[in-house]
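Here is the structure we will look at, set down as structure tokens.
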Amino acid sequence: MAETHVLFVEDDDVIREATTLALERDGFVVTAMPDGLSGLESFRADRPDIALLDVMVPGMDGVSLCRRIRDESTVPVIMLSARADSIDVVLGLEAGADDYVTKPFDGSVLVARIRAVLRRFGHAGGPQGGGADDDSSGERGVLAFGDLEVDTEGMEVRKAGVSVALTPTEMRLLLEFSTSPGTVLSRDRLLERVWDYDWGGDTRVVDVHVQRLRTKIGQDRIETVRGFGYKLKA
């Protein structure tokens with residue numbers, strides 16, 4: 001199996017060095033950068049399998065760096081934030097991050113999150129323009145919902161015949177909805193099925209991704225069922 005290359009952008013020298021050593025002990029190849037601009041240069045030069053971005057880094061903050069990466073690639077991104085209740089968490093997710101970890105973090109927790117994301121993406125970042133692994137869907141073929149078509153084999157989505165570009169996380173989320181149309185899916189179920197959490201997680205991750213998905217497939221396509229979760233209109 002090929003080694004997994006991690007881009008780690010963190011301006012705190014102690015955290016950067018300690019985390020790099022911890023990840024390397026777990027078998028990851030790590031490129032660590034102290035600021036956003038050097039992080040972007042490294043991303044473009046090395047094309048890592050996953051990016052860990054601290055929110056508050058100089059030169060270009062982590063949220064802006066996430067946007068730049070997402071403009072060019074569907075490689076998985078995990079944001080690192082110093083505060084669980086910070087607006088930076090939501091901004092990072094809205095910028096295209098797939099998950100976040102709150103600092104200070106335990107090394108084993110970070111590794112578990114990284115491995116969970118990589119499993120969702122098929123390890124090496126997932127194929128560009130889609131890439132959820134297809135065992136989250138019990139059905140095969142093209143599923144149609146009005147002008148929305150979801151190809152569960154080709155991992156493609158079309159709206160009114162026009163291809164819709166989704167990240168692998170967004171694709172997995174849509175697969176969960178499209179293979180259970182009209183069924184209310186709780187946030188906890190979505191965290192377990194899409195984010196591969198077998199422990200509790202922050203439901204803001206689900207909410208922000210649902211909103212991002214709505215902007216791409218139609219705001220009225222996914223309905224909020226207050227107190228329960230979400231459902232795809234059949």
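Taken together, the values in this text are just the output of simple stated rules run on the coordinates, not laboratory data. Source: prediction; values computed, not measured. A quick note on method: Cβ atoms are made from the backbone with ideal geometry, for glycine too, and the neighbour counts reach across all protein chains shown.
As a test of the formula, what do you get for the chain when each DSSP H run with n ≥ 4 contributes -39,500 (n - 2.57) and the sum is divided by the residue count, at 222 nm and rounded to the nearest 500 deg cm²/dmol? Mind dumping the intermediate values first?
Working: 8 runs with 90 residues, N = 234.
Rounded to the nearest 500, it is -11500 deg cm²/dmol.
Any chance you could count the Lys pairs in the chain whose alpha carbons are under 22 Å apart, treating pairs 8 or more apart or on different chains as valid?
The result is 5.
Arranged from highest to lowest average of other beta-carbon atoms within 10 Å per residue, in what order do the peptides 33-46, 67-80 appear?
Averaged packing, sorted descending, gives the order 67-80, 33-46.
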